[in-house]
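Everything below concerns the one structure shown next.
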Amino acid sequence: QVQQVESGGGLVQPGGSLRLSCVASGSIFSIYPVGWYRQAPGKERELVARITQVDSINYADSVKGRFTISRDNAKNTWYLQMSNLKPEDTGVYYCNTEFGVRIGRWGQGTQVTVSS
């Protein structure tokens, strides 16, 4: 059963912007905090941004001031606005709840490539 579908990735030049979307289904996403994660080639998946049900937000130091996480409850959609992208932002981006992370259930992700 698909819980979330990520989209919006692509190829962008350094300094560019992208907005990722995550459309979720089921009640899990309304219960648990939701995060955007990324996995760079040869590296482990890491949390880059997190938002709770009361809009408490945290960012990884590497993306602070450049990425913005948000949500639209009416659309069951979470967003990651990424600006001033750098080559080191390249990777597959996933959204997930903390519950989904705990049980190892992930979506297909969306590829972001930052390159000139």
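If I build a Gaussian network model for the chain, linking alpha-carbon pairs within less than 10 angstrom, which residue out of Ser25, Ser83, Ser62 has the largest mean-square fluctuation?
The residue with the greatest mean-square fluctuation here is Ser62.
Counting only protein heavy atoms, what percent of the accessible surface of region 11-116 is carbon or sulfur at a 1.4 Å probe?
Result for region 11-116: 48 percent of the exposed heavy-atom area is carbon or sulfur.
Convert each backbone phi in region 56-61 into a coupling constant with the Karplus relation 6.51 cos²θ - 1.76 cosθ + 1.60 (shift: θ = phi - 60°), then list the ³J(HN,Hα) values in order as whole Hz, x for Gly and Pro.
Coupling constants for region 56-61: 7, 10, 9, 10, 5, 4 Hz.
Show the residues, 5+ positions off or on another chain, whose built amide H is closer than 5 Å to the amide H of Val48.
Residues meeting the amide H criterion: Trp36, Tyr37, Arg38.
Got the relative contact order for the chain handy, in percent, Cα pairs under 8 Å and 6 or more residues apart?
Computed value for the chain: 37 percent relative contact order.
Which whole number in µm²/s is D for the chain by Stokes-Einstein, with the Kirkwood Rh taken over Cα pairs at 25 °C and 0.890 mPa s?
Answer from the Stokes-Einstein relation: 175 µm²/s.
Excluding residues fewer than 8 places away in the same chain, name every one of the lysines whose C-alpha is closer than 16 Å to that of Lys86.
Within reach: Lys64.
Once every DSSP H run of n ≥ 4 in the chain is given -39500 (n - 2.57) and the sum is divided by its residues, what mean residue ellipticity at 222 nm do you get, rounded to the nearest 500 deg cm²/dmol?
Taking each H run of at least 4 residues, the total per residue is -1500 deg cm²/dmol.
5 Å is the cut-off here: which amide hydrogens, built 1.01 Å from N in the peptide plane, fall below it relative to Gly26, excluding neighbours closer than 5 in sequence?
Under 5 Å from the amide H of Gly26: no residue qualifies.
Per residue, how much accessible area does the chain show when a 1.4 Å probe rolls over the protein heavy atoms, in square angstrom?
Ligands and nucleic acids excluded, the result is 52 Å² per residue.
The values are calculated or read from the model by the stated rules, or taken from the named source; none is laboratory data. Owing to the predicted nature of the structure, the values given are computational and were not obtained by experimental measurement. Heads up: the accessible areas ignore ligands, DNA and RNA and are worked out on the full protein's heavy atoms, side chains in. Shrake-Rupley method; radii C 1.70, N 1.55, O 1.52, S 1.80 Å.
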